[in-house]
Amino acid sequence: MLNDETQRMAREVAAHLGPQATVAVLSGSGMSAESGIPTFRDAQTGIWSKFRPEDLATPAAFTRDPGKVWRWYQHRRKGVMAAQPHAGHRALVRLEAMVASLVVITQNVDGLHQRSGSGRVLELHGNILRSVCSTSRRLIDPAWIAASGQQPPPSPHINGAYARPDVVWFGEALPGLVLDEAVAALESCSVCIAVGTSAVVQPAAGLPRLAKRSGALLVEINPQRTPLSRYADYCLREPAGIALTAMVAACEP
Ligand code: OAD
């Protein structure tokens, strides 16, 4: 049950989400939490409360122990494949049909926005279900991965290279074209919704402020305060599923 304050904010935000609205959503791992995928930095449950990123999510970690890194990602892939989109993902799909345009810019690598039916999704940090050659970065056919008994499978493209997950590791650049498209969308949107991100990992963390500086309404959805909160016009302190459902319900006739 939503409290009156959140209900009021949902209604006020909805007033900005008419047919002319251009919406950019920046999502982080909190968006997938209600689908059962752990966040990174939540105390106790966050991935980085149990593992050190430098052991598992850097190019150096993969060079040092490719088998360990590959197995860890295989384990996470199983979790992602078992997960289902939740009511918040579906609310964004309904919102897309009601406004002039909506783009989801996500730091998540789980593909849940696409699976729920969002039409335009920019993956800033890649996708855990894809594999690429560790040297050439060419995509590798999933059938090749499945047929290989090795961990990691060898790359079919370059001798001596391996398959690796198509995700951005610490120390690696974000895909340039995707980032450019995200920046363009944020600089031209009328409403920016930052949902489920701690807003501490750059460059993604700085993106909602681009929208704000360009005149957009900035809405944060997160049960916790973040460095972004002080710039937001509205902070809905609820889980993504509840807040997005309420906000989109307030837009519906
Ligand atoms: P974090 O784990 O840093 O932050 C998750 C945020 O989600 C926190 O602010 C939580 O309060 C919030 N949260 C938790 N449950 C929620 C819910 N049900 N609804 C809404 N919000 C909720 O995750 P990210 O901000 O996504 O990068 O982290 C950014 C990047 O750091 C990730 O993409 C990953 C990570 O290391 C790489 O691996 C390169």
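The values are calculated or read from the model by the stated rules, or taken from the named source; none is laboratory data. In this text the structure is predicted, and so the values were computed from the model without any measurement. Every residue, glycine among them, receives a Cβ derived from its backbone with ideal geometry; neighbour counts consider all protein chains shown. The area values use the complete protein model at the heavy-atom level, side chains included, leaving out ligands, DNA and RNA. Shrake-Rupley method; radii C 1.70, N 1.55, O 1.52, S 1.80 Å.
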(1) open to solvent by 40 Å² or more (accessible area, probe 1.4 Å); (2) over 16 Å from LEU122 (Cα atoms); (3) within 16 Å of the ligand (Cβ to nearest atom) all hold for LYS212 apart from (3)
Out of everything in the stretch 16-60 that is under 20 Å from ARG237 (Cβ atoms) and without any contact (Cβ under 8 Å) to a residue 24 or more places away in the chain, what residue ends up being most open to solvent (accessible area, probe 1.4 Å)? GLN44
Look at the stretch 115-130 and say how many of its residues are within 16 Å of the ligand (Cβ to nearest atom) and either of a type outside the set (A, V, I, L, M) or assigned to a helix (DSSP H, G or I) (or both). 6
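Is it true that some residue in the stretch 84-105 is of a type in the set (Ser, Thr, Tyr) and either in the same structural domain as VAL200 (by TED's automatic domain parsing) or more than 18 Å from the chain's Cα centre (by Cα) (or both)?
Scanning the stretch 84-105, I find at least one residue that is of a type in the set (Ser, Thr, Tyr) and either in the same structural domain as VAL200 (by TED's automatic domain parsing) or more than 18 Å from the chain's Cα centre (by Cα) (or both), so the answer is yes.
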For VAL183, state whether it is within 13 Å of the ligand (Cβ to nearest atom) and over 21 Å from ILE221 (Cβ atoms). no
Suppose we filter PRO208, PRO227 for residues that are assigned to a loop (DSSP other than H, G, I, E, B) and either assigned by TED's automatic domain parsing to the domain that holds GLN20 or touching a Lys or Arg at 6+ places or on another chain (Cβ under 8 Å) (or both); which single one remains? PRO227
Looking at (1) open to solvent by 30 Å² or more (accessible area, probe 1.4 Å); (2) within 19 Å of ALA194 (Cβ to Cβ); (3) touching a residue at least 60 places away in the same chain (Cβ under 8 Å), find the lone condition where ARG120 falls short. (3)
In this structure, does VAL219 turn out to be closer than 17 Å to ARG120 by Cβ, assigned by TED's automatic domain parsing to the domain that holds ALA15 and at pLDDT 95 or above? no
Quick check on the stretch 148-164. Is at least one of its residues assigned to a loop (DSSP other than H, G, I, E, B), within 13 Å of the ligand (Cβ to nearest atom) and open to solvent by less than 80 Å² (accessible area, probe 1.4 Å)? no
